[in-house]
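Derivation of every value follows stated rules applied to the coordinates shown; laboratory data play no part. Please read all numbers here as calculations on a predicted model, not as lab measurements. Note that we place each Cβ from the backbone using ideal geometry, even for glycine, and neighbour counts take in every protein chain shown.
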Amino acid sequence: MSDSDSPAPEPAGLDGLPPLYSIAKGEVVSVQTYGAFVRLPGYKKEGLVHVSEMSASRVENASEIVDVGEQVWIKVIGREIRGDKVKLSFSMKAVNQGTGRDLDPNNVLAEQDARRRKQFRDYTGNRITLEAVLNTTCSKCGCKGHFTKDCFSAPGLQYTLLPEEDDEEPQQQQRQQTSTVASQQDSDKKRKKKKEKKMKKKKRKQEKRESESDSSSECKSKRRRRDHSDTDRDEKKKKKHKKHKSHKHS
């Protein structure tokens, strides 16, 4: 086995404590709302079983699960040094309380819980402020929503909260706008249809006129041809008649 595969050495302050992920039976010495403190035989240090580690289901109060003096099976899921103190974290839900069998042999749940606790600690340092309107009346200005110590107004002045705007008016305006837009769109469509109809009528009239003009021009050309042919016949007849006369005189 190489040096890289070997586990990292633990801090010297953790010597003499139960090994990590070991299972043992201990006695409940104290019960608090947030969890129970368990002492293991052979060790002076007590460990905390948080309410989130007592059962797979949600637990509101540790007294619902355990009592002082009760014997419980635990699994060591955390060992850390915080300043001058050493903190031990135990889990009851990872062990079968009847037989002491390990329900998380691969320590997957323990590692997930440890990661979750670490993230929670990293982000809980910031102070949380609630910006809600308090149900109090200031004795200095007579307004609701803040304490007297937080009042910034001069004595005798009174401030009142602004009334909430009625939501019906903007909704009504919005409906009117949508209705006007819809009516405008309808009128535009009607105008477009009328224009298209007019254009079609004009086109038809123009085609009709063109066809009539073409037919009239054809008739005229036919008449001209007939007249021309008639004149040619008359001239031919006259020539023939002249020839005939000249032949008789000779």
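What the table shows:
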read-out	value
Net length gained if the chain between Arg191 and Glu111 were fully extended (0.36 nm per residue, minus Cα distance)	21.5 nm
Residues of the stretch 69-105 with amide N under 15 Å of a point placed 7 Å along Cα→Cβ from Ser22	74-80, 88-91
The stretch 29-124: radius of gyration and largest Cα-Cα distance (Dmax), Å	13.2, 38
Gained length - Arg39 relative to Ser52, 0.36 nm times residue gap less alpha-carbon distance	2.8 nm
Where labels lie 7 Å past Cα in the beta-carbon direction, separation of Glu64 and Lys87 in nm	2.4 nm
Fully extended contour minus Cα-Cα distance, from Arg224 to Lys208, at 0.36 nm per residue	3.3 nm
